[in-house]
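The next block holds one structure in the form of structure tokens; read it before the comments.
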Amino acid sequence: MPNFPIIDAHVHLWDPARQVVPWMANAPQLTWLADMQVYEDTTAGVEIDGLVYLEIDIAPVYALPEAKAIAELAASDPRVMGVVAFAPLEYGEHLRWYLEELTAIGPAIKGVRRLTQGEPDPDFCLQPGFVRGAQMLPEFGLSCDLCCYYVQLGQTVELVQRCPETSFILDHIGKPNIRGGELEPWKSQIRDLAALPNVVCKISGATTEANFETWTIDDLKPYLLHVLETFGEDRVVFGSDWPVSSQATTYKRWVETIDELTNDWSETAKHKLWNENARTFYRL
């Protein structure tokens, strides 16, 4: 367990009684209140310095109110250090007004995310509008979270190549097929992504790509060690993906898993992974 406060760079908060979250129709096990009190209870025993909130793929009409509500929470709760909001990147130049409204919410808005994991077209992120939308983000001081499945990772690498001025962070290590024990081409594509200087990798989401009930650290090890070694200590960031991760792990077990895999890291490197890199990337 880290012996210093950590920043959790990937946390969701939700209230299904108030919010319309379409994907939850297929995930009834997650339709419970996940607020800061529950997060505090869940993380007992882990010293949390702060967190970054990630948009919850809410019904798009509620995306700006979602961002505004969390920014207001950040103003009253210093543990909420930044917000990554939804943005329809595929709108291209028409995204500009949306980004103006989004950033007007306040300085808590640090980045955007447009999920591509559920898109049936693997080239969705390479359509001209999406590329232009991603290229536009530096004008607004925003970073971009990337959330794709491993079968879309090659296209995601190409997107990053086309947007050299945009700061990207890969969520959930590119969602490899851990259940199936499949390493390639994910492993090579991670190496291609790490070769690009404008992207970092979030060490999150691995347990829900493994067998929820039976995973062991040995199942995750080839994948996690590959991203840790390939991106290096300066470009990896810890995230819990709570409460989605609660389907497969306790909070403490996930922290202990990453801690064990980085046991031989220097204290300086550990501080980067667990705290400092998140501060740097998200400008906290």
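Only one entry of 71, 25 meets the criterion of being out of contact with any Pro (no Cβ under 9 Å at 6 or more places or on another chain) and of a type in the set (Gly, Ala, Ser), and that entry is 25.
Pairs meeting the criteria (first residue in the stretch 106-123 and within 12 Å of residue 148 (Cβ to Cβ), second residue outside any loop (DSSP other than H, G, I, E, B) and β-branched (Val, Ile, Thr), beta carbons under 7 Å, at least 6 apart or on different chains) are 113/84; 122/151. Filtering the stretch 1-26 down to residues that are part of a loop (DSSP other than H, G, I, E, B) and more than 20 Å from residue 63 (Cα to Cα), which residue is modelled with the lowest pLDDT? Only one residue tops the list, namely 1. When 17, 85, 25, 9 are screened for being out of contact with any Asp or Glu (no Cβ under 7 Å at 6 or more places or on another chain) and either within 16 Å of residue 246 (Cα to Cα) or surrounded by 12 or more Cβ atoms within 10 Å (Cβ to Cβ) (or both), only 9 passes.
Here's the yes/no breakdown for (1) surrounded by 14 or more Cβ atoms within 10 Å (Cβ to Cβ); (2) among the polar types (S, T, N, Q); (3) out of contact with any strand residue (DSSP E or B) (no Cβ under 8 Å at 6 or more places or on another chain):
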{"position": "193", "(1), (2), (3)": "yes, no, no"}
{"position": "197", "(1), (2), (3)": "no, no, yes"}
{"position": "214", "(1), (2), (3)": "no, yes, yes"}
{"position": "218", "(1), (2), (3)": "no, no, yes"}
{"position": "228", "(1), (2), (3)": "yes, no, no"}
{"position": "236", "(1), (2), (3)": "yes, no, no"}
{"position": "255", "(1), (2), (3)": "yes, no, no"}
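In the stretch 272-282 there is no residue that is part of a helix (DSSP H, G or I) and over 21 Å from residue 84 (Cβ atoms). If you go through the stretch 39-56 and keep only what is crowded, with 16+ Cβ neighbours inside 10 Å and either touching a Phe, Trp or Tyr at 6+ places or on another chain (Cβ under 6 Å) or over 19 Å from residue 244 (Cβ atoms) (or both), you end up with 42, 43, 49, 50, 52, 55, 56. Taking the stretch 257-271 as the range and being without any contact (Cβ under 8 Å) to a residue 40 or more places away in the chain and either farther than 25 Å from residue 208 by Cβ or aromatic (Phe, Trp, Tyr) (or both) as the test, the residues that pass are 264, 265, 266, 267, 268, 269. Looking at the stretch 73-165, none of the strands (runs of 3 or more DSSP E) lying wholly inside it contains 2 or more residues that are among the hydroxyl-bearing types (Ser, Thr, Tyr) and under 16 Å from the mean Cα position of the chain (by Cα).
The values are calculated or read from the model by the stated rules, or taken from the named source; none is laboratory data. Owing to the predicted nature of the structure, the values given are computational and were not obtained by experimental measurement. Methodologically, a virtual Cβ is constructed for each residue, glycine included, from the backbone with ideal geometry; neighbour enumeration extends over all protein chains shown.
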